[in-house]
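*Asks:* The following block contains the structure, expressed as structure tokens.
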Amino acid sequence: MLIPSIDLMGGRVVQLVHGEDLALGFDDLEYWVDRFSDYPLVQLIDLDAAKRQGDNRRLIESIVRRLPCQVGGGIRSSAEAQILLDMGAQRVIFGSSLFNGSASPEAIDRETSPAVTNLVRTQFAEELAFSLGVEHLVFSVDTKDSKVAVRGWREKIELRPQDAMQHLEPFCGAFLYTHVDTEGTLSGFPIDIARSLRRQTRRQLIVAGGIRAQSEIDELDAENIDAVAGMAIYTGLMKA
């Protein structure tokens with residue numbers, strides 16, 4: 001399944017490269033809302049909230065009333081998530097708030113390391129599942145240089161995505177994985193990584209980062225993996 005993405009920054013629809021450099025910006029939000037109206041699910045991300053530099057809450061409230069959305073970007077508590085669900089969001093995406101600080105690579109490499117447990121906030125995840133319901137939760141496990149990336153992808157922690165997913169799986173309905181190294185580059189998504197992650201979880205798996213063609217969507221779909229596309233749609237490489 002193709003899931004189109006609407007990324008908001010400064011009140012505009014944008015596309016960034018590697019989550020940092022602005023590549024495209026659109027002021028006509030209505031055009032894209034109408035264009036995505038037939039999709040069963042749209043991904044709506046508040047980049048300002050993710051980067052802790054404001055928010056686009058009014059726009060989000062307007063969009064979730066019109067489109068079936070999973071919403072993310074800077075959500076840090078069940079109370080914030082509940083507000084979005086009450087607005088009309090179908091699901092909420094938690095990312096950075098699921099993780100603690102860093103640990104040494106040597107500790108992570110140990111076969112039975114307590115460091116992994118310390119890095120993943122499983123108690124917080126469990127509390128979210130209890131208060132919001134597993135079906136409303138998407139847990140975002142994104143990577144930069146093969147390590148989990150947090151805080152708007154500006155920081156990395158010494159944790160593999162597979163280890164994070166193993167600890168978080170009981171508490172969410174879906175995982176979102178963004179390969180930040182290829183995000184916004186239109187260079188293609190690394191299918192081998194998608195297959196590895198698919199073996200790790202029985203939850204819905206959604207991937208993003210560099211997708212440029214419908215053939216990739218089809219290949220991922222054959223592996224029971226859904227895909228988020230942004231840059232390919234906004235540049236016209238892929239029909240939506």
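The values are calculated or read from the model by the stated rules, or taken from the named source; none is laboratory data. Predicted model only: the values in this text are computed from it and were never measured. Neighbour counts run over all protein chains shown; Cβ positions are idealised from the backbone, glycine included.
*Asks:* Name the residue that is modelled with the highest pLDDT, counting only residues in the range 86-115 that are touching a Ser or Thr at 6+ places or on another chain (Cβ under 9 Å), crowded, with 23+ Cβ neighbours inside 10 Å and of a type outside the set (A, V, I, L, M).
*Replies:* My answer is 94.
*Asks:* Looking at the range 204-225, is at least one residue within 15 Å of residue 140 (Cβ to Cβ), buried (at least 16 other Cβ atoms within 10 Å of the Cβ), in contact with a His (Cβ under 8 Å, 6 or more places away or on another chain) and of a type outside the set (A, V, I, L, M)?
*Replies:* Within the range 204-225, one or more residues are within 15 Å of residue 140 (Cβ to Cβ), buried (at least 16 other Cβ atoms within 10 Å of the Cβ), in contact with a His (Cβ under 8 Å, 6 or more places away or on another chain) and of a type outside the set (A, V, I, L, M).
*Asks:* Within the range 22-57, take every residue that is basic (Lys, Arg) and on the phi < 0 side of the Ramachandran plot and give me the one that is surrounded by the most Cβ atoms within 10 Å (Cβ to Cβ).
*Replies:* Here the answer is 51.
*Asks:* Let me ask you something else. Which of the residues belonging to the range 1-16 are surrounded by fewer than 16 Cβ atoms within 10 Å (Cβ to Cβ), more than 15 Å from residue 228 (Cα to Cα) and of a type in the set (A, V, I, L, M)?
*Replies:* none
*Asks:* Here's something else I'd like to know. Taking helices (runs of 4 or more DSSP H) that do not extend beyond the range 127-234, which have at least 1 residues that are under 25 Å from residue 54 (Cβ atoms) and in contact (Cβ under 8 Å) with a residue 12 or more places away in the chain? Lay out the reasoning, then the answer.
*Replies:* Working: elements: 161-168, 191-200, 214-222, 231-234.
Helices (runs of 4 or more DSSP H) meeting the threshold: 231-234.
*Asks:* A further question on this structure: What's the total number of residues in the range 38-75 that are hydroxyl-bearing (Ser, Thr, Tyr) and within 15 Å of residue 13 (Cβ to Cβ)?
*Replies:* Count: 1.
*Asks:* What single numbered condition from (1) at pLDDT 90 or above; (2) in contact with a strand residue (DSSP E or B) (Cβ under 6 Å, 6 or more places away or on another chain) fails to hold for residue 213?
*Replies:* The one condition residue 213 does not meet is (2).
*Asks:* Give 83, 60 a once-over and let me know the one that is modelled with pLDDT of 95 or more, among the β-branched types (Val, Ile, Thr) and buried (at least 21 other Cβ atoms within 10 Å of the Cβ).
*Replies:* Details: 83 fails: buried (at least 21 other Cβ atoms within 10 Å of the Cβ).
Step by step, each of 83, 60 is checked, and only 60 is modelled with pLDDT of 95 or more, among the β-branched types (Val, Ile, Thr) and buried (at least 21 other Cβ atoms within 10 Å of the Cβ).
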